[in-house]
Amino acid sequence: MHIEQNILDKVNEWLTPTFDNQTQEAIKEMMTSSPKDLEESFFKNLEFGTGGMRGVMGVGTNRINKYTLGKNTQGLSNYMIKSFPGEQLKVAIAYDCRHNSATLAKVVADVFSANGIHVYLFSDMRPTPELSFALKYLNCHAGIVLTASHNPPEYNGYKVYWQDGGQLVPPQDKEIIEVIEALNYSEIKFEANENLIEYIDVAVDEAFAKSTLENASFNTPTSAKEHLKIVYTSLHGTSIKAIPGVLAKAGYTDVNIVAEQQIPDGDFPTVKSPNPEEPEALTLALALADKIGGDIVIGTDPDSDRLGVAVRDTNGKMILLNGNQTMVIMTAFLLEQWKRAGKIDGKQFIGSTIVSTPMMLALASGYDVECKVGLTGFKWIAKFIKDFPELTFIGGGEESFGFMVGDAVRDKDAVGACLLVCEIAAQAKAAGSSLYKELLNLYVDFGFYKEHLISLTKKGISGMQEINQMMIDLRENPMSEINGQRVVCIEDYENSTSKNRFTQEIESISIPQSNVLIYYLEDGSKICARPSGTEPKIKFYFSVNTPLDSVENAREVEKQLDEKIINIIAEMQLH
């Protein structure tokens, strides 16, 4: 097999004494036994996507290892030293249950400390939202989480947080990447200054739990909490370190943990994917709920920032809610609480993303608050909080099963969201209703919105080319009609334009540039296409809606909306 010269140049650099013997031996082995793997490992530098950097663990520039993370950390150290002259710099570091996470976290801590930066390193795995909280609680300049979220077991990753507790956003992200790219591997300082590494655990855990209870508890009567039968699974992840304790402190006594999945394990042995977005991941939890008559099922991903929820429908059958539905239920509940407390005065906002349900805009308008809509990823919601200090953030989320209550944590937070959704379910049950019935009532009040997501996986170099071509086709040869409905408007976030297809008028979009296209149809349907920033996938998001006159007609109306989505997918030939 012929290997490009630029790849060979990188390989040869990794065979110099800057890199340890183990790394060099692994590369030599690949050169003889698997040139294709060698090419995949070196054909590009691992890059920052929507949620930091994620990749397969192994040797090479396109892999997660001590050198790629060391280089990131050295670049970040250099940038911080320049950005905060004369300050004693502080960073917090957390990691999840993945293979090598603890080891890689220590490598990152070593590099920071070697650069004279004080490091707060969690002594054991912790949920991602706790890192965001700890960073602000300890007045740090930055924070790192070693996690690949819900990716498969061979992955790991590196998320960077800034002073406000949110993930990196422009202009810092580009500036830091430039510093990292300009570095040579030989410049990484791996020799730790152990005096600057401080281990943290119980004190921060307690502060995080206290903050969660303050933000996500809403005067639910004790008896209502005791009568809610909760089934919870951590899917072998880190939320086991926080959620059972928080629920117990809040007064929930009937919490049933899925025993087969409660021990953290980077192999995630009982699931194909540790992703609560995938119905299969909650199979064991649903079985337990049926066995014991559970009211609600909650599952979290490995680093505990996303949660999946299942509840009983009007026939008593357990059904999985999607991320848009849980987001709408939680947001509406928060808005109602704020309204009852007389706290809404036009200076509040909720947050959402361009690929999430437009129902969030309907809720905002119904409660007289603003809905700020950003790109995919919670860093944009965190940025709104920072950019609009005159407004108070109530809550917000995105369709990919993430939610944030208040601003103590500046990233999606399955710990706070888990408590909030239990509060809603407990209060609904005590009032003779249910979480599902509350959702149907919202559809009657604001319109029935139904969403669907299709993810097409395209791996490797050829997959990347295929995804690029699909986006080019959608841009250059746009469809004028889909499922009998004319395309009214196309928003192209890559060139920041919104084009009205009828009048040909073009308006500019103020949201930062991103490779996203949205088609709006004349019946209010919305179709969004975007390549994933963290996985080899292209994602298509569909949203359709129609009025609902009564809860009794919900099933029939939902069937009509489902058919509409099926027809749109068929016409766009997305199989």
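Summing +1 for each Lys or Arg and -1 for each Asp or Glu among the other residues whose beta-carbon sits under 9 angstrom from that of Ile538 gives +3. Placing unit charges on each Cβ (+1 for Lys and Arg, -1 for Asp and Glu) gives the stretch 1-154 a dipole about its Cα centre, and among Leu15, Ala26, His150 the Cα reaching farthest toward its positive end belongs to His150. From the largest down, the stretch 365-440 spans 42, 27, 20 angstrom on the principal axes of its Cα atoms.
Considering all projection directions equally, how large on average is the shadow of the alpha-carbon convex hull of the stretch 257-402, in square nanometres?
Numbers: hull surface 40.9 nm².
Computed as one quarter of the Cα hull surface, the answer is 10.2 nm².
Just give me a number: lysine pairs in the stretch 62-157, eight or more positions apart or cross-chain, with C-alpha atoms less than 20 Å apart. Intermediate results must be reported in sequence, preceding the final value.
Values: Lys66/Lys106; Lys71/Lys82; Lys71/Lys90; Lys71/Lys106; Lys82/Lys90; Lys90/Lys106; Lys90/Lys136.
Lysine pairs meeting the criterion: 7.
Across all Cα pairs in the stretch 105-220, the calculated P(r) in 5 Å bins from zero up to the longest distance comes to 2, 10, 17, 21, 21, 15, 8, 3, 2, 1, 0, 0 percent per bin. Only lysines eight or more places from Lys499 in sequence, or on another chain, were considered; those with a Cα closer than 17 Å are Lys526.
Here the 3J(HN,Hα) profile of the stretch 309-324, calculated from phi with Karplus coefficients 6.51, -1.76 and 1.60 at θ = phi - 60°, is 10, 10, 9, 8, 7, 5, 9, x, 8, 5, 10, 7, 8, 8, x, 5 Hz, Gly and Pro shown as x.
Taking each DSSP H run with n ≥ 4 as -39500 (n - 2.57) and averaging over every residue of the chain yields -12000 deg cm²/dmol at 222 nm. Each principal axis of the Cα cloud of the stretch 60-143 was taken in turn, and the coordinate range along them, longest first, works out to 37, 29, 17 Å. Computed from point charges on the beta carbon alone (+1 for Lys and Arg, -1 for Asp and Glu), the dipole magnitude for the stretch 247-318 about its Cα centre is near 300 Debye.
Between Phe388 and Asn195, the simple spin-label model (points 7 angstrom out along Cα→Cβ) gives 4.7 nm. Separation of the stretch 182-196 and the stretch 287-364, taken as the distance between their Cα centroids, equals 44 angstrom. Applying a DSSP loop filter and a limit of 11 other Cβ atoms within 10 Å to the GluC sites (Glu not before Pro) in the stretch 478-559 leaves Glu505.
Cross-link list Lys343/Lys386; Lys189/Lys379; Lys159/Lys383: which exceed 19 angstrom alpha carbon to alpha carbon? Kindly include the intermediate steps, with their values, before the conclusion.
On the way: Lys343/Lys386 21 Å; Lys189/Lys379 29 Å; Lys159/Lys383 16 Å.
Too far apart for the 19 Å limit: Lys343/Lys386; Lys189/Lys379.
For the stretch 460-534 versus the stretch 419-454, the spacing of their alpha-carbon centroids is 31 Å.
If you take the Cα Rg of the chain and divide it by 2.2 N^0.38 Å, with N the number of residues, what do you get?
On the way: Rg = 23.9 Å, N = 575, 2.2 N^0.38 = 24.6 Å.
Working it through for the chain, the quotient is 0.97.
The smallest convex shape that holds all Cα atoms of the stretch 415-518, its convex hull, gives 204 Å³ per residue.
Taken along the Cα-to-beta-carbon direction at a fixed 7 Å, the label points for Ala207 and Glu552 span 5.6 nm. The distance linking the stretch 53-76 with the stretch 212-280 is 32 Å (Cα centroid to Cα centroid, whole angstrom).
Can you give the FRET efficiency to the nearest 0.05 for Lys317 and Ala570, using r as the Cβ-Cβ distance and R₀ = 41 Å? Efficiency, from the Cβ-Cβ distance: 0.90.
Indicate the gyration tensor shape class of the stretch 214-310 (rounded, prolate or oblate), computed on the Cα atoms with a ≥ b ≥ c the square roots of the eigenvalues: a/c under 1.5 is rounded; otherwise a/b larger than b/c is prolate and the rest oblate. Don't jump to the answer; show the numbers that get you there.
On the way: a/c = 2.10, a/b = 1.51, b/c = 1.39.
Prolate shape, in that a/c is at least 1.5 and a/b is the bigger ratio.
Since every read-out is calculated from the coordinates, none of them should be taken as a lab result. As the structure is a prediction and not an experimental result, all values here were calculated from the model. Neighbour counts run over all protein chains shown; Cβ positions are idealised from the backbone, glycine included.
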